[in-house]
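The structure under discussion appears below in the form of structure tokens.
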Amino acid sequence: MQRFIQFGRWNSASSYDAHKVDAMGRHSFVRFLWRYPIFLLAFGPPIFRTQHIDATKGIVDVWSLFQVGFLFVIAARAAKRLVTADSILLTKQSRYIIKMVFILGLFYLASSIYSPSRLVSAAYSILYLASWVCALEFLSDIYRNPPDWMRVVSYLRFIAILLLIPDLILLVVDPSLVMFYEPGVGIRFGGLIGPVPLECPVIAIVSAYFFLHSLESKGRSIALFFLGFAGAMSTHARGCEIALMLSLSLLVVRWAFGSKRSLSIVIPGFVLLILLSGVAFGAYGGKHIWSAFNRGENVAAIETASGRTQMWHFVLQYSLTHPQGMGYVAGFRVLFRDYFTLGLLLDPTRIGNAHNAYVQVLADAGWLALAIYLIIVINLLRLAWRFSNRRLCLRYAVNGTYRNAIECMLYIFIYEAIGGISAADGVVPLRVSFYWYIISVAVILGISTSMIVDYRSR
């Protein structure tokens, strides 16, 4: 078993040549997915859908059935392995977070009692719990047989690239399927297969980290970084842009303080950036730069975040009188549809969530559910930050790849946490972003578990 999951070793903590692949390397990705099927969920799976669906109205298609079936096949395998396992071993940190995750799931399930569409809320709650069963099985499995964690991070980037490739092909074959015009914004690039605002930032973050820490060839890192960065910017989604910029800034700053040499590179670069910004400001003027950033929107649209704050206000007002929330997923869709038109550019009947992960959780199951969700996010950030500390890594693990892997996943999770302010797909089952959130949590918990187990074994 140990040889089966040994996908290949990194040469060192700071040098990995992506072109040096052994004879089994070509098949290692397939073996990896077969060994850890939770990563199949990162594909979504891909949905070739152009029409609008709404389960609360009974509008579903064959892709909906395929999505549900795909999840339950993987969840059934995970459940079987958990039931037949002699014991389920988890570290203290993992047990606490997993406990919170399933308690939140019970809140979602209970919300189906007062949901305006009980069957839909109950169904989504079961999908939520089934998804986390896959994560629990993964954590129980890797406790005994951990994978090569840097290879795991590399595979996540590879999956993001695979999801992006069909959209890039469609961009050449039939641009109308992946590009659309929005008044006040212009032409935007959006994926038909997968969420571009998630795929591209993941590619950019992982590639930037690999470049700064010399974990693969520089040319490969630079090419993939610009692919991911350009794709993220082409979405013209301010939430995506801001979250990516903050994540990359934190990545660079933390790398800079890692050594005097790094700091000596970043400080002149920062000064040069300020000078170039001043030149651009003087050449184009502040008005033109601001207009380019806000897509030419008026002050009212900027203040309301393109109408999002009005949706959030609706949820907050409702939750003050209904602290238990509206009902998982279905509650917001039904009640917001019955609410009056908010002067949005989009038809309210086509808005399926609150466009904010935290507000969505509040709408789904109330204030207690929101508190639990915040506890999960904050504890994950603290855990990843703590175990990516250099001194702690020297204590817990001799292998420096542990720190590289958990630190890279930390920046991905930071992006997801910040991006959740303007998007709610990360908390809605059957969405690709939802599965990526679960996988990010599972990988961070898995790496920290491996570090603790490695420390105890020594």
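Where a number appears in this text, it was derived from the coordinates with a stated rule and is not lab data. Only a predicted model underlies this, so the values are computations on that prediction, with no experimental measurement involved. Cβ sites come from the backbone with ideal geometry, for glycine too, and all protein chains shown count toward neighbours.
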Provide the net charge surrounding residue 387, with neighbours chosen by a C-beta distance below 9 Å and charges set as Lys +1, Arg +1, Asp -1, Glu -1. +1
Sort 193-199, 231-237, 353-359, 96-102 by packing, meaning the average of other beta carbons within 10 Å per residue, with the highest value first. 193-199, 353-359, 231-237, 96-102
Summing Lys, Arg as +1 and Asp, Glu as -1, what charge do residues with Cβ under 12 Å from the Cβ of residue 85 carry, residue 85 excluded? 0
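Sum up the charges of everything whose Cβ sits under 15 Å from the Cβ of residue 143, counting Lys and Arg as +1 and Asp and Glu as -1, but leave residue 143 out. Write out the running numbers ahead of the final one.
Working: positive: 35, 81, 92, 95, 144, 456; negative: 86, 137, 141, 454.
Summing Lys and Arg as +1 and Asp and Glu as -1 gives +2.
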Where does the Debye-calculated log10 I(q)/I(0) of the stretch 404-458 sit at q = 0.16 Å⁻¹, using only Cα point scatterers of equal weight, no solvent? -0.53
I need the calculated FRET efficiency for the pair residue 144 and residue 391, taking r as the beta carbon distance and R₀ as 30 Å, to the nearest 0.05. 0.60
Among 203, 74, 113, what is the fewest-to-most ranking by other Cβ atoms within 10 Å? 113, 74, 203
